[in-house]
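Chemist: This is the structure, below, for whatever I ask next.
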Amino acid sequence: MALHPTVAAVTARIIEKSRETRADYIRRMDAARDSGAGRAKLSCANWAHAFAGQTIADKLTAMDGSKPNLGIVTAYNDMLSAHQPFERFPSVVREAVRQVGATAQVAGGTPAMCDGVTQGRPGMELSLFSRDVIAMSAGVGLTHDAFDAAMMLGVCDKIVPGLFMGALAFGHLPVVFAPAGPMPSGIPNAEKARVRAEYAQNKVDRQTLLESEIGSYHSPGTCTFYGTANSNQMMMELGGLHMPSTAFVHPDTGLRDALTAAAAKRAVELARSGECRMADVIDEKSIVNMIVALLATGGSTNHAIHLVAMARAAGVLIDWTDMDELSSVTPLLARVYPNGSADVNAFQAAGGVAFVARELAANGNIHTDVTTIMGKGIAPYFQEPSMVDGELVWRDGVKESLDRDILRPASDPFDKEGGLRLVQGDLGRAVIKISAVKPENRLVEAPAAVFETQEDALQAFKDGKLFRDVVVVLRFQGPKANGMPELHSLSPALSVIQDRGFKVAFVTDGRMSGASGKTPAAIHVSPEALAGGPLAHIRDGDIIRLDPEAGVLTTVGVEDLTGRPRATRSQAHAEGSSWGYGRELFGAFRHVVTTAEEGATVCFAVNGSSSAVHTDTPPNPNVVDRTVDA
């Protein structure tokens, strides 16, 4: 089928507004490629240092001077269940490339936070910034310039976007991403949500809650709900950086190891051929494909931020208007928790990524004429891997969904539109994920209850002050204020209010979890309150209207919102967001970070940022502001 006209128009607009930044990026990648293989430019002493710790056999291969060397960047730690399997991956990769006359080395490691551990804790204020640290760490590893291709090992929330951004700085190389796969299914997601809601109401004790959570998160592998981590994997496949249908294969299987070995060998093959460098794989069309894949599956709202920064790393400029317009014509094909009761294992069994890719291509929702690590065209991503007599083979994925409660064709979707909307008005611009919100709960017009911290909002809930029609406003949660933490700890409380029959909505310049669910939440409000955004002028009792169907986020009956005095953070809140738990190390990040709609990044805070620096206090005339407003 021909490309949908809206997809074509949005892509054309992205190409046009990215013309200068994309051309500059390609110029730099061409220059790096044309300068020759990095190992050929290293002196004998440099090269000897690079291989001093390797085996004799690998040293002999390296001394040949013509054999590819694969650089591995790993986000391994065993704090993240999804990353625990990466402990053994470098050994699998080294052995695989030896079979094809090449070598592989761990070029570097990156930090990898577990948001599940830091939810509701001070460490969550470092979470978003960790993405840019990961990008920089990947750059440090690859800057040894001793590699002909790269392999990135990461799965979870900020890790894959960070690896993606860092790898694009070396886009003159072919780059392959290799995931670890999901853990087996635990207790049903509906049961997990029920226990969380009961704990929020003091109906069950902490031991009961802990037993439920352990039943959900119980083994190595990715958490099985469709949050940011699994949204990452969907996008890496539709972006052409995975081996096909790699995302949702369990870690401790022969198939997983075979796929990891195949990915390593493919990277070496591309290094030898000079084809499919990352700069060619990731372009305007592949970015559009990634956005559409996210929308068609009801993926994480975190990517309304991450995708902007990821695209910018390739010189591609996108914004929330682009995402909103694509959402308006993207069919919702999947219902995976929190947008349904099934988990990603059930999604994979019903047809998985191969089915989604085939349907989106057949319906004209994605570009099929893209470059991937498999070569030209998207068709290889309609296939699935399996082991036959100990060998990895590929076969066509299912053409019919095996469970239409989980996965549907584009001809009969769960919804004719995708799961993400742009809302805007006198409160600024924000995004809302509506795929998990029932239509009757989407429109909310109610008085505001304004808070500065999650703790204050939760205390008001516990005190019974929020059991009414209410729009909970939580401000001073943006990237400049405190690093823009996820506010998932509020989800059970908001759900309880809604279940009591009240109209409830959430409005914040912070983030919700990638697993945010059934209550309407206008998030990432931009500009943020600390930067002078309208949320700083809202008062308790102001009527706020949130109507995602109409794209509206506005006050009702407030004649001059920004003419009011601007609220400032309490001293305790300001100091608490600046010190302790490592927050003092990120002061410079908070100072220069771009807006949420610009990707909330420091990597491009000088080149490409249009955001000004704002603080709680007037500028000191004796201090020179060296921030570049480009």
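Chemist: Hey, if we sort Phe586, Phe177 by accessible area with the 1.4 Å probe, largest down, what's the order?
Modeler: Phe586, Phe177
Chemist: How much of the pair distance distribution for the chain lies past 36 Å, counting alpha-carbon pairs only, in percent? All intermediate terms of the calculation are to be shown ahead of the outcome.
Modeler: On the way: 69557 of 198135 pairs.
Distances greater than 36 Å cover 35 percent of the Cα pairs.
Chemist: Name the GluC sites (Glu not before Pro) in the stretch 349-458 that are in a loop by DSSP and that have at most 14 other C-beta atoms within 10 Å, would you?
Modeler: Details: sites: Glu359, Glu391, Glu400, Glu417, Glu440, Glu445, Glu452, Glu455; in loops: Glu400, Glu417, Glu452.
When the GluC sites (Glu not before Pro) of the stretch 349-458 are filtered for loop state and at most 14 Cβ neighbours within 10 Å, Glu400 remain.
Chemist: What is the local net charge at Val329, summed over the other residues whose Cβ is closer than 11 Å to its Cβ (Lys, Arg +1; Asp, Glu -1)?
Modeler: Residues close to Val329 contribute a combined charge of -2.
Chemist: Still on this structure, I have one more. Using a 1.4 Å probe and ignoring any ligands, DNA or RNA, find the accessible area of Cys603 and quote it in Å² to the nearest 10.
Modeler: 50 Å²
Chemist: Still on this structure, I have one more. Which order, highest average first, do 101-108, 234-241 follow once you tally other Cβ atoms within 10 Å for each residue and take the mean per peptide?
Modeler: 234-241, 101-108
Chemist: With charges only on Cβ, +1 for K and R and -1 for D and E, what is the dipole size of the stretch 357-445 about its Cα centre, in debye, rounded to 20?
Modeler: Here the stretch 357-445 has a charge dipole of around 300 debye.
Chemist: Could you check how much of the accessible area of the chain is carbon and sulfur, as a whole percent, using a 1.4 Å probe?
Modeler: 54 percent
Chemist: Quick one: which residues, 5 or more positions from Ala521 or on another chain, have an amide H under 5 Å from its amide H? H modelled 1.01 Å from N in the peptide plane, none for Pro or chain starts.
Modeler: When sequence neighbours closer than 5 places are left aside, the close amide H contacts are Lys433, Phe506.
Chemist: Within the stretch 519-590, report the GluC sites (Glu not before Pro) that DSSP leaves as loop and that have at most 10 other Cβ atoms within 10 Å.
Modeler: Loop-located and lightly packed - Glu559.
Chemist: Lys/Arg Cβ at +1, Asp/Glu Cβ at -1, dipole of the stretch 528-571 taken about the Cα centre: which of Val556, His537, Gln571 is farthest positive-ward?
Modeler: Final value for the positive-end residue is Gln571.
Chemist: Also, I was wondering about something else. What ranking of Trp394, Trp579, Trp320 comes out by heavy-atom accessible area, probe 1.4 Å, highest first? Don't jump to the answer; show the numbers that get you there.
Modeler: Working: Trp394 85, Trp579 170, Trp320 5 Å².
Of Trp394, Trp579, Trp320, the descending order of accessible area is Trp579, Trp394, Trp320.
Chemist: Another question, then. Just how large is the dipole of the chain about the Cα centre, in debye to the nearest 20, putting +1 at every Lys and Arg Cβ and -1 at every Asp and Glu Cβ?
Modeler: Roughly 500 debye for the chain.
Chemist: I'd like the antiparallel share, as a percent to the nearest 5, of DSSP beta bridges with both residues in the chain.
Modeler: So the antiparallel bridges amount to about 50 percent of the total.
Chemist: Putting +1 on Lys and Arg Cβ atoms and -1 on Asp and Glu Cβ atoms, find which of Ala362, Gly483, Leu210 reaches farthest to the positive end of the dipole of the chain.
Modeler: Gly483
Chemist: Further, regarding this structure: Can you give the accessible area of Ile15, probe radius 1.4 Å, in Å² rounded to 10?
Modeler: Estimated to the nearest 10 Å², Ile15 gives 60 Å².
Chemist: Straight-line reach from Lys67: which lysines have Cα under 17 Å away, leaving out those fewer than 8 places along the same chain?
Modeler: Answer for Lys67, where 17 Å is the Cα cut-off: Lys41, Lys59, Lys265, listed by chain and number.
Chemist: In addition: From the phi of every residue in the stretch 555-567, what ³J(HN,Hα) in whole Hz does the Karplus formula 6.51 cos²θ - 1.76 cosθ + 1.60 yield, where θ is phi - 60° and glycine or proline is x?
Modeler: 7, 10, x, 9, 6, 9, 4, 6, x, 6, x, 8, 5
Chemist: In Å², and per residue, what accessible area does the chain have when probed at 1.4 Å with the other protein chains present?
Modeler: Details: 23470 Å² over 630 residues.
Averaged over the residues of the chain, the accessible area is 37 Å².
Chemist: Could you sort His591, His306 by accessible area so the largest value comes first, with the probe set to 1.4 Å?
Modeler: Solvent-accessible surface, decreasing: His591, His306.
Chemist: Additional query: Note down the net charge around Phe347, summing +1 for each Lys or Arg and -1 for each Asp or Glu among other residues with Cβ under 14 Å from its Cβ.
Modeler: Spelling it out: positives minus negatives among the neighbours equals -3.
Chemist: A further question on this structure: To the nearest 10 Å², what's Arg539's accessible area with a 1.4 Å probe?
Modeler: My reading of the accessible area for Arg539 is about 120 Å².
The values are calculated or read from the model by the stated rules, or taken from the named source; none is laboratory data. Model, not experiment: these values are computed from the prediction. Please note: Cβ atoms are built from the backbone with ideal geometry, for glycine as well, and neighbour counts cover all protein chains shown. Accessible surface areas use protein heavy atoms only, side chains included; no ligands, DNA or RNA. Shrake-Rupley method; radii C 1.70, N 1.55, O 1.52, S 1.80 Å.
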